[in-house]
Amino acid sequence: MEITHMFTPANVIAACLALFPFLAAAFFPLRFAGRARNFPAWLQLSCPTLLSLPYVLVTYFAGIFRWEWFALYAALPALVALLLSQAARVDKAQRGTWMDFLVLAALGLAVDLRWFEAAWPPHLAIFNKVLLLDAGIYGFILIRNLDGTGFDLRLRLRDAAIGLREFAIYTPIALALGLSLGFLHAHAVWPPLTSIAFAWIFTFFFIAVPEELFFRGWLQNLLERRTGRYPALLLTAVLFGLAHFNKRAVHFNWRYVLLAAIAGIFYGRAWRQHRRVAASAITHASVDAVWSLWLH
């Protein structure tokens, strides 16, 4: 697909609609949540159907609109909101219910196994990831009102200090293990500073923050209430590693799984110190940016 075909007016409007819940919750958390909670219950549960609008805009003008996909993108976010509203009603202590973990499993597997990406034109499947993230944000933050997620991207100096500290501790471990396993390959290049900055910022917002919100803000957060801090840290890291089993390989990529699981320990440590997604996302984005620029 030519780049000019990607940035059509319909696609740009769809991108703004898809990013609005993500950015509003990240930078205006109290205002975003407060407004929605003033809605009547029926409106709170029906609002997520609006997440189908980006699908309509992108696919209608691309000539690939399908009613079954529209129904899925309208119904799934509403179902997430309904399940989490029931979880909030029966689990006021927020220890986690089967409904919480069912929602996490469904959203995680849908992204990791690319269940719905066939709905989108080539090179625009990122819409799927963003819309499923929006469904989770709406459900867990607005409807479930889950404490301690730490989804606030108004960065603080201590976020950078903690994030870069964990990056510095993990880096020699990753280098030693990754190079010895043949997973990492050093490249003696120095891209322009603009390329380095773009790689880090893009990775931070579109890879690190979504994954850290899911694995640390929601999953590790809920598991801590059930199993304690250290079991939750290790279990989340293992699940994070397993989520990379099909990356960069046709079959089970055990090297990637191992390195990602170890990285997940340090991402989890960064998040849990002050329960801030921004801190673990800084670690995550730094690791991914260095890997993609110099070790890929």
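Can you list the helices (runs of 4 or more DSSP H) lying wholly within the range 23-125 that have 2 or more residues being under 24 Å from P9 (Cα atoms)?
Helices (runs of 4 or more DSSP H) meeting the threshold: 53-62, 67-90.
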Here are some conditions: (1) among the hydrophobic types (A, V, I, L, M, F, W, C); (2) farther than 26 Å from P29 by Cβ; (3) free of Cβ contacts under 8 Å to residues at least 40 places away in the same chain. L233 meets all but one. Which one does it not meet? (2)
Suppose we keep only residues that are in contact (Cβ under 8 Å) with a residue 24 or more places away in the chain and over 15 Å from D152 (Cα atoms) within the range 20-40. Which one would you say is surrounded by the fewest Cβ atoms within 10 Å (Cβ to Cβ)? R37
Pick from the range 184-211 the residues that are of a type in the set (S, T, Y) and touching a residue at least 40 places away in the same chain (Cβ under 8 Å): which of them is farthest from L23 (Cα to Cα)? S195
From F183, F206, F215, grab the single residue that is farther than 20 Å from A33 by Cβ, at pLDDT 95 or above and crowded, with 16+ Cβ neighbours inside 10 Å. F215
Test L146 against the stated conditions and say whether it is surrounded by 17 or more Cβ atoms within 10 Å (Cβ to Cβ) and part of a helix (DSSP H, G or I). no
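To keep it simple, each residue is scored yes or no on (1) assigned to a helix (DSSP H, G or I); (2) surrounded by fewer than 17 Cβ atoms within 10 Å (Cβ to Cβ).
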residue	(1), (2)
Q220	yes, no
E224	yes, no
P231	yes, yes
L235	yes, no
N246	no, yes
F252	no, yes
Would you be able to tell me the number of residues in the range 150-174 that are in a helix (DSSP H, G or I) and either outside the structural domain of I282 (by TED's automatic domain parsing) or within 25 Å of the chain's Cα centre (by Cα) (or both)? 17
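The values are calculated or read from the model by the stated rules, or taken from the named source; none is laboratory data. Bear in mind that the values here come from a model prediction, so they are computed numbers and not experimental data. We place every Cβ from the backbone using ideal geometry, glycine too, and count neighbours over all the protein chains shown.
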